[in-house]
1. When you go through (1) under 29 Å from K73 (Cα atoms); (2) surrounded by 15 or more Cβ atoms within 10 Å (Cβ to Cβ) one by one for Y172, which number turns out not to apply?
2. Do any residues in segment 131-146 that are surrounded by 15 or more Cβ atoms within 10 Å (Cβ to Cβ) have Cβ atoms under 6 Å from those of residues that are modelled with pLDDT under 90 and polar (S, T, N, Q), where the two are at least six apart or on different chains, and which pairs are they?
3. For segment 70-88, which positions are within 18 Å of Q125 (Cβ to Cβ) and in contact with a helix residue (DSSP H, G or I) (Cβ under 7 Å, 6 or more places away or on another chain)?
4. Take S158 and decide whether it is surrounded by 17 or more Cβ atoms within 10 Å (Cβ to Cβ) and in contact with a Lys or Arg (Cβ under 9 Å, 6 or more places away or on another chain).
5. Quick one: which of E42, E76, E67 is closer than 20 Å to L159 by Cα, part of a helix (DSSP H, G or I) and modelled with pLDDT under 80?
6. Have a look at H102, H168 and point out the one that is of a type outside the set (D, E, K, R) and without any contact (Cβ under 8 Å) to a residue 12 or more places away in the chain.
Amino acid sequence: MEEERRQEEDEIMRKSLLEAEQAELRKRELERQTARDKAEDERKDSAVVKGNLLGMQCVHMEADSIELISFLKNCEQLFAVYDVPASLQAILIRPFLNDGAHTYLTKLDPRVSGDYTQLKDAVLQEFKLPANVYLERFNTCIKSGDDTYVSFASKLTSLLDYYLESRHVTTYEQLCELLVCDRIKSVLSEGCLRYILLIESAKDTGWLRKKI
């Protein structure tokens, strides 16, 4: 009888400990879920607030693909000003994309369209223009009535930066060579220029470096 009583007490104690452990686990899970819900609410609130702030200053992406670089630079400046976390950046720029970019986004993997860096690379690749177009736009770009001199300078800088990037220019020496080569091509005969452009199209850099 004494042995049975001890076994019953042990069983009761074991069940009590098990129930207490399960209750503690449920409590911890509830705390974790509450923390997750709070973090998600804060994230949504942050997205709304920062989205409203961006909406007041962000310029919509124009239909002309040449403006894509300026648009992205403007967005990145605002991201820095308002300390927008990386997890929100791709979401927040979507309302400001043009119709072509919106359509392209629907074709992307959600992991790409949800990450700003990957989204930026994909969009730049999709709407990439030939290097000579950037040079032509740089040389013919004029200040509109709506432009300030600061915004005009920024537009010129963006065009030049992307032209140099498309030509894979990374040093001062390469820059000087490119300027000389572009100047020479501007005075070539039509037939000679077509031949040079054909050769350049097969080059990784897209242009012929001069031989001395």
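The values are calculated or read from the model by the stated rules, or taken from the named source; none is laboratory data. These figures come from a predicted structure and were not determined experimentally. With ideal geometry, Cβ positions are generated from the backbone for all residues, glycine too; neighbour counts draw on all protein chains shown.
1. (2)
2. Within 6 Å, the pairs are A131/S166.
3. So in segment 70-88, the residues within 18 Å of Q125 (Cβ to Cβ) come out as 70-73, 75-76.
Matches in segment 70-88: S70, L72, K73, C75.
4. Details: surrounded by 17 or more Cβ atoms within 10 Å (Cβ to Cβ): yes; in contact with a Lys or Arg (Cβ under 9 Å, 6 or more places away or on another chain): yes.
Judged against the criteria, S158 is a match.
5. Values: E42 fails: closer than 20 Å to L159 by Cα; E76 fails: modelled with pLDDT under 80.
Sole residue among the options that is closer than 20 Å to L159 by Cα, part of a helix (DSSP H, G or I) and modelled with pLDDT under 80: E67.
6. Numbers: H168 fails: without any contact (Cβ under 8 Å) to a residue 12 or more places away in the chain.
None of the other options fit; the residue is H102.
Here is a yes/no grid of residues against (1) touching a helix residue (DSSP H, G or I) at 6+ places or on another chain (Cβ under 7 Å); (2) at pLDDT 90 or above:
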position: Y116; (1), (2): yes, yes
position: L119; (1), (2): yes, yes
position: Q125; (1), (2): no, no
position: L160; (1), (2): yes, yes
position: R183; (1), (2): no, yes
position: R209; (1), (2): yes, no
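Every residue, every condition in (1) more than 15 Å from N132 (Cα to Cα); (2) touching an Asp or Glu at 6+ places or on another chain (Cβ under 9 Å), yes or no:
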residue: V150; (1), (2): yes, no
residue: E165; (1), (2): no, no
residue: L179; (1), (2): no, no
residue: K210; (1), (2): yes, yes
